[in-house]
1. Check whether at least one residue in the range 413-433 is closer than 19 Å to Asn449 by Cα and basic (Lys, Arg), and report yes or no.
2. Where the second residue is buried (at least 18 other Cβ atoms within 10 Å of the Cβ) and not in a loop (DSSP other than H, G, I, E, B) and the first is touching a residue at least 60 places away in the same chain (Cβ under 8 Å) and lies in the range 233-260, which pairs have Cβ atoms under 9 Å and are six or more apart or on separate chains?
3. If you scan the range 279-321, which residues turn out to be closer than 19 Å to Pro364 by Cβ, in a helix (DSSP H, G or I) and of a type outside the set (Ser, Thr, Tyr)?
4. Considering only the range 438-470, state which residues are closer than 12 Å to Thr148 by Cβ, charged (D, E, K, R) and assigned to a loop (DSSP other than H, G, I, E, B).
5. Check off (1) of a type in the set (A, V, I, L, M); (2) in contact with a Cys (Cβ under 8 Å, 6 or more places away or on another chain); (3) assigned to a loop (DSSP other than H, G, I, E, B) for Leu395 and give me the number that stays unchecked.
6. For the range 89-108: of the residues being touching a helix residue (DSSP H, G or I) at 6+ places or on another chain (Cβ under 9 Å), assigned to a strand (DSSP E or B) and not polar (S, T, N, Q), which is farthest from Phe52 (Cα to Cα)?
7. Would you pick out the residues in the range 307-326 that are within 33 Å of the chain's Cα centre (by Cα) and either surrounded by fewer than 13 Cβ atoms within 10 Å (Cβ to Cβ) or of a type in the set (D, E, K, R) (or both)?
8. Which residues, counting only those in the range 293-305, are surrounded by 13 or more Cβ atoms within 10 Å (Cβ to Cβ), more than 16 Å from Pro132 (Cβ to Cβ) and not polar (S, T, N, Q)?
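The values are calculated or read from the model by the stated rules, or taken from the named source; none is laboratory data. For clarity, every value in this text was computed on a predicted model and none was experimentally measured. Cβ placement follows ideal geometry from the backbone for every residue including glycine, while neighbour counts extend to all protein chains displayed.
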Amino acid sequence: MTQRMATALREEESGFALIISIILMGVIGTLVALTLTVGTHSDFSTGRGRNFVEALHVAESGVEHAISKLQSTGGGFAGTFTGSINEGGNEGTYTVTVTKLARKRYQIDAAASVGTGGGLKTKRKLRVTMAPPPAFKYALFSYTSVSTKNNDLITGDIWANENITVDEGDTVDGSVTAARGYIHLANGSRVKGDAWSGWFDDSNSYAIHLDNNAIIDGNAKASVTAPTDPVTCGGENLNNYTVRLETGSSVGKNVTTWGTKTGPGTVGGVVANNVCTAAPASKPLPVFTYSDLNYDPATLHQFGTAGTPSATAVSDFQTYVAGQGKHISGTFYINQAAPVNQDNRIDLTNVVITGDTTIISNAPIFTNGVADDTNDAIFVLVSTYQPPVGTTCDLNQDKSECSIHLKNNFQPSGKTAVLIYAPYGPVAVKNNQVQFGSIYADEILVKDNQQMTYDSRVERVVGFGPDTYEIQQWLELNP
């Protein structure tokens with residue numbers, strides 16, 4: 001009896017073991033299937049992720065190809081092209097469209113594709129904007145000195161490698177920097193930003209001098225050119241680099257100087273005397289290089305070429321302007337053969353600008369009553385005229401030796417941004433000028449009711465800088 005019961009129990013246990021075995025086999029099979037599925041999905045995801053990265057590289061290759069085309073053609077290329085590269089073992093293809101924008105800017109759209117079928121194909125798209133490099137960031141920039149006089153309003157920063165004089169009643173709504181010179185604010189004048197000098201006036205040892213009731217709203221700093229150590233400041237005399245504040249004058253924030261702050265004027269912040277700081281380095285003027293490829297051939301007028309000056313270049317230009325009723329737009333290159341002087345200069349009296357206009361000349365340029373009739377334009381005046389040694393540019397004399405003389409109601413509206421550039425001689429501005437833009441010159445003289453407001457539209461103008469174009473914007477778009 002007992003033996004039969006034991007046998008029965010063993011048979012029941014065998015059946016139970018069979019059931020357990022079947023269940024375990026099912027679980028193992030499920031796990032194997034799951035492992036295979038996960039592995040397949042992982043391989044798929046890895047492949048798609050790899051293609052996603054590679055598609056970006058392919059699109060970038062298309063952009064580089066487009067930039068190469070622009071460089072080799074001097075900005076003359078526009079249109080669509082295709083190409084392919086082997087990226088990560090996959091054949092990637094790109095389609096690139098180059099579109100010319102206004103004012104020598106280019107839009108590059110590069111669409112790339114990597115992978116084939118099975119959900120592995122990946123696309124990406126880039127949009128890159130090319131533009132001339134930024135070269136003009138100051139309202140006034142002088143390779144030597146800047147002087148303003150008689151109720152002038154400058155909105156924007158001023159830079160001079162030498163001295164800055166802000167005369168009686170003038171206001172600078174910005175900062176002023178005299179990198180290797182001194183700063184003088186005459187009676188009642190005002191600088192709403194900071195003032196930073198790098199040298200001192202030899203006649204009085206003042207690095208920064210505020211006459212009666214003159215104001216600097218920001219900081220005033222009198223630094224030393226290239227100090228060799230912070231303790232002796234290169235041996236510079238402590239009696240120099242004085243920050244002198246006359247009666248009623250004030251500095252709103254801090255005064256820092258290697259010399260001392262003197263005078264009854266007030267300081268809103270901390271006065272730090274005998275503190276050595278390094279002056280800012282001098283800055284070069286942007287370099288201009290003329291190339292006819294930079295301009296629309298349909299609106300380019302050349303009077304003499306870059307290699308062959310013309311004895312009648314200036315007179316031919318004046319004849320053209322008169323024939324247009326003094327309403328002009330486009331690009332004008334005037335290369336006058338010798339002699340180049342004030343008796344043979346560009347005269348823009350009563351000219352009206354009707355669109356983007358660029359005038360480039362080796363002759364002096366004189367304006368009188370220039371206006372505009374535009375909705376949005378950039379007006380560029382470039383004179384490479386270099387006055388004779390020992391001569392001066394006189395604000396009050398029409399034919400004194402100025403490279404560019406803006407006189408008597410030079411008043412393009414805010415719809416036109418104006419860039420004035422004279423690398424080898426002074427620019428004089430007198431009598432009721434209204435300008436939105438920038439002046440860059442060897443020297444700048446401003447007098448009598450001038451209103452100058454910096455306009456960022458002139459920051460990037462073709463022809464300036466070491467490279468013709470650079471990347472201004474880089475975006476990824478939905479493919």
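1. Looking through the range 413-433, at least one residue is closer than 19 Å to Asn449 by Cα and basic (Lys, Arg).
2. Pairs that qualify, where the first residue is touching a residue at least 60 places away in the same chain (Cβ under 8 Å) and the partner is buried (at least 18 other Cβ atoms within 10 Å of the Cβ) and not in a loop (DSSP other than H, G, I, E, B), are Ser249/Leu185; Ser249/Leu210; Ser249/Ile215; Ser249/Ile216.
3. Hits for the range 279-321 are Ala313, Val314, Asp316, Phe317, Gln318, Val321.
4. Asp448
5. Going through (1) of a type in the set (A, V, I, L, M); (2) in contact with a Cys (Cβ under 8 Å, 6 or more places away or on another chain); (3) assigned to a loop (DSSP other than H, G, I, E, B) one by one, Leu395 breaks only (2).
6. So the residue we want is Tyr106.
7. Within the range 307-326, Gly307, Thr308, Lys326 meet the criteria.
8. Result: Leu300, His301, Phe303, Gly304.
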